[in-house]
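Here the structure is laid out as structure tokens; the discussion comes afterwards.
The values are calculated or read from the model by the stated rules, or taken from the named source; none is laboratory data. Treat the numbers as computed from the prediction; the structure is a model and nothing was measured. Methodologically, a virtual Cβ is constructed for each residue, glycine included, from the backbone with ideal geometry; neighbour enumeration extends over all protein chains shown.
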Amino acid sequence: MVLRSLQKLLLNRFESDGKSNKVEKMKKSIVTFGEIMLRLQPSNFERLIQASNFEVSYGGGEANVAVSLAHYGDKAAFVTILPDNPLGQAALNQLRRFGANTDMIKRGGDRLGVYFLEKGASLRPSKVVYDRANSAIAEVVPGTFNWEEIFNGVKWFHFTGITPALSPNAAAETLNAIKAAKKLGVTVSCDLNYRKKLWTREEAGKVMKELVQYVDVIIANEADCSDVFGIEAETTNVKSGHIDDAHYQSVAQQMMNISKARYVAITLRESISASDNGWSAMLYDGSTFYKSKHYHIHLVDRVGGGDSFGSGLIHSMVNGKGPQESLEFAVAASALKQTIPGDMNLVTEKEVMEIVKGNVSGRVQR
């Protein structure tokens, strides 16, 4: 009798612990939604036409953000659909390996999107070839995700302009997500990320004009505002490295005028060559313009630079940092990322703060 009671007590405790662990596992402060792809890249700066081998990695805008946030210690979840095959599993494993919550990912569809990257050097620019048509997430059926359940306990939701560009269905599901987020008081951020190989400027402008009405923080680069909304920095020439702060302030103000955003962040890349860039950013809160430090970067891999900026900004803001501090962290984080191969920014908060403090010598740490 006593033994049976003890067994029952231990069983109840085990079940309770199991439920507790599940709840803890599901905890999330930040959710991102989009596509993760297989990345194939020739070795040693080879061109695609001469490659006999490809290096394999995985990445995609919102997946990169979730992984970066996980490295900072945030509870970040990535939402997507992955095919139930070895390639889909490999992408899922990559996310889990680097700490992103994958509990809301659904399995289905026939294929994982693929992109081929030809890394540029010196005078030769990098090039991307997409093979992502009819990917699992592009064929999402609107209503697939229970967003109100996903956003339970969430503080922040992030997406990019790439996701609605994948298909009309993906655009519709993105709209469902941000409407649910706003209903529940979740802060929404969007990186415009215009991709001309996915849709036209006219298509992008029509869709994104509606989506930004639900966005609190807009992130863009020197070309996105022009490509999506026709807003340009008149006296800026990023190819020559000339950036006029006053005109970027005008761009930020115009972006705020056509949206419901509380903040507009603009990354400023000076393309000296495919190997060397200048890097900084601005942030506007409706009354004050903030400008970051300027960094010179000798590029290892610029892919994911904007995503690492976005994740740095989100991490700082969601943890209560002010505009200037948030901007400096985001710019330092993205400068650091562009020294790392692959899409994802695999650095810690401490490492970013060393850059913020001015430790940019690159000396060996022992």
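Quick notes on this one:
- If you go through the range 127-140 and keep only what is in a loop (DSSP other than H, G, I, E, B) and under 20 Å from the mean Cα position of the chain (by Cα), you end up with ARG132, SER135, ALA136, ILE137, ALA138, VAL140.
- Of residues in the range 191-215 being closer than 20 Å to ASP285 by Cβ and more than 16 Å from the chain's Cα centre (by Cα), the one surrounded by the fewest Cβ atoms within 10 Å (Cβ to Cβ): GLN213
- Qualifying position, being touching a residue at least 40 places away in the same chain (Cβ under 8 Å), farther than 23 Å from ALA252 by Cβ and not in a loop (DSSP other than H, G, I, E, B), among VAL347, VAL303, VAL352, VAL331: VAL352
- With respect to (1) out of contact with any Ser or Thr (no Cβ under 6 Å at 6 or more places or on another chain); (2) closer than 30 Å to ILE297 by Cβ; (3) among the aliphatic types (A, V, I, L, M), the lone exception for VAL217 is condition (1).
- Test: residue in the range 175-183 that is part of a helix (DSSP H, G or I) and in contact (Cβ under 8 Å) with a residue 60 or more places away in the chain: yes
- Output for the range 153-164, where each listed residue is assigned to a helix (DSSP H, G or I) and crowded, with 24+ Cβ neighbours inside 10 Å: THR163, PRO164
- VAL264 touching a Cys at 6+ places or on another chain (Cβ under 6 Å), at pLDDT 95 or above, crowded, with 23+ Cβ neighbours inside 10 Å and farther than 24 Å from PRO125 by Cβ: no
- Only residues that are more than 15 Å from the chain's Cα centre (by Cα) and either under 17 Å from ALA265 (Cβ atoms) or surrounded by fewer than 21 Cβ atoms within 10 Å (Cβ to Cβ) (or both) were counted in the range 336-347, giving 3.
- Whichever residue in the range 123-176 is in contact with a helix residue (DSSP H, G or I) (Cβ under 7 Å, 6 or more places away or on another chain) and polar (S, T, N, Q) and, among such residues, is nearest to ARG107 (Cα to Cα): THR144
- Take the conditions (1) within 24 Å of PHE229 (Cβ to Cβ); (2) in contact (Cβ under 8 Å) with a residue 12 or more places away in the chain; LYS206 misses just one of them, which is (2).
- When the range 94-126 is filtered for residues that are of a type in the set (D, E, K, R) and either part of a loop (DSSP other than H, G, I, E, B) or in contact (Cβ under 8 Å) with a residue 60 or more places away in the chain (or both), the ones remaining, listed by number, are ASP103, ASP110, ARG111, GLU118, LYS119, ARG124.
- Among the residues of the range 81-115, those that are within 16 Å of GLY304 (Cβ to Cβ) and in contact with a strand residue (DSSP E or B) (Cβ under 8 Å, 6 or more places away or on another chain) comprise ALA91, GLN94, LEU95, ALA100, GLY113, TYR115.
- Screening VAL188 against (1) free of Cβ contacts under 8 Å to residues at least 12 places away in the same chain; (2) among the β-branched types (Val, Ile, Thr); (3) surrounded by 22 or more Cβ atoms within 10 Å (Cβ to Cβ) leaves a single unmet condition, (1).
Listed here are the residues, each with its yes/no results for (1) under 30 Å from GLU149 (Cβ atoms); (2) aliphatic (A, V, I, L, M).
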position: ARG39; (1), (2): no, no
position: PHE54; (1), (2): no, no
position: ALA63; (1), (2): yes, yes
position: VAL67; (1), (2): yes, yes
position: ARG107; (1), (2): yes, no
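- Residue in the range 333-351 that is hydrophobic (A, V, I, L, M, F, W, C) and closer than 17 Å to ALA220 by Cα present: yes
- Of all residues in the range 263-294, those satisfying the criterion of being hydrophobic (A, V, I, L, M, F, W, C) and either under 28 Å from GLN213 (Cβ atoms) or not in a strand (DSSP E or B) (or both) are VAL264, ALA265, ILE266, LEU268, ILE272, ALA274, ALA281, MET282, LEU283, PHE289.
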